[in-house]
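The values are calculated or read from the model by the stated rules, or taken from the named source; none is laboratory data. Keep in mind that this is a model prediction, so the values were computed, not measured. Because the Cβ atoms are built from the backbone with ideal geometry, glycine has one as well, and the counts that use them run over all protein chains shown. Just the protein is used for accessible areas: all its heavy atoms, side chains included, with ligands, DNA and RNA removed. Shrake-Rupley method; radii C 1.70, N 1.55, O 1.52, S 1.80 Å.
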Amino acid sequence: QVQLVESGGGLVQPGGSLRLSCAASISILSIGSMAWYRQAPGKERELVGAITRGGSRDYSDSVKGRFTISRDNAKNTVYLQMNSLKPEDTAVYYCNTRPAAKGYWGQGTQVTVSS
């Protein structure tokens, strides 16, 4: 049973930064591509960005240039560095594989961007 546990969310002012972490219960090298997703109130879950086993990254247009995904294979952890945060980044953030595995969704971590 794979468990993915997200952490690091919180309340931040517009323009601020946060770093999210996703700890996996198994080797992320065995998983392959990892991704961050988010779901804002009243909206569908969307892909924020992803990183392959080899370290290649891609991002949604809405976060490109502001967010950075990284992975520490030794710690089985994936990170999401979020800079220049905007109110529209407010959402619950989740990590999962890419494509997402239905049984891997965790509780997510809430990010609220507000003054």
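Quote the charge dipole size of the chain about the Cα centre in Debye, to the nearest 20; the model charges only the Cβ of Lys and Arg (+1) and of Asp and Glu (-1).
On the way: 13 positive and 8 negative charges, 38 e Å.
About 180 debye.
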For this session: Calculate one ³J(HN,Hα) per residue across region 65-70 by plugging θ = phi - 60° into the Karplus curve 6.51 cos²θ - 1.76 cosθ + 1.60, and present them in order as whole Hz with x for glycine and proline.
Result: x, 10, 10, 9, 9, 9
Exercise. Can you run phi through the Karplus equation (6.51, -1.76, 1.60; θ = phi - 60°) for region 89-101 and list ³J(HN,Hα) in whole Hz, with x for Gly and Pro?
Worked result: 7, 4, 4, 8, 9, 10, 10, 6, 7, 10, x, 5, 9
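Given a 1.4 angstrom probe, I'd like the percentage of the accessible area of region 1-68 that is carbon and sulfur, rounded to a whole number.
Numbers: 1740 of 3700 Å².
It is 47 percent, rounded to a whole number.
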Exercise. Quick one: accessible area per residue over region 36-115, 1.4 Å probe, rounded to a whole number of Å²?
Worked result: 53
Problem set entry | Dipole of the chain, positive end: most advanced residue of LEU29, GLY16, GLY65 [Cβ charges, Cα centre] | LEU29
Problem set entry | Of all DSSP beta bridges in the chain, antiparallel share, percent nearest 5 | 90
Exercise. Calculated from DSSP H runs of 4 or more alone, at -39500 (n - 2.57) each and per residue, what is the 222 nm mean residue ellipticity of the chain, nearest 500?
Worked result: -500 deg cm²/dmol
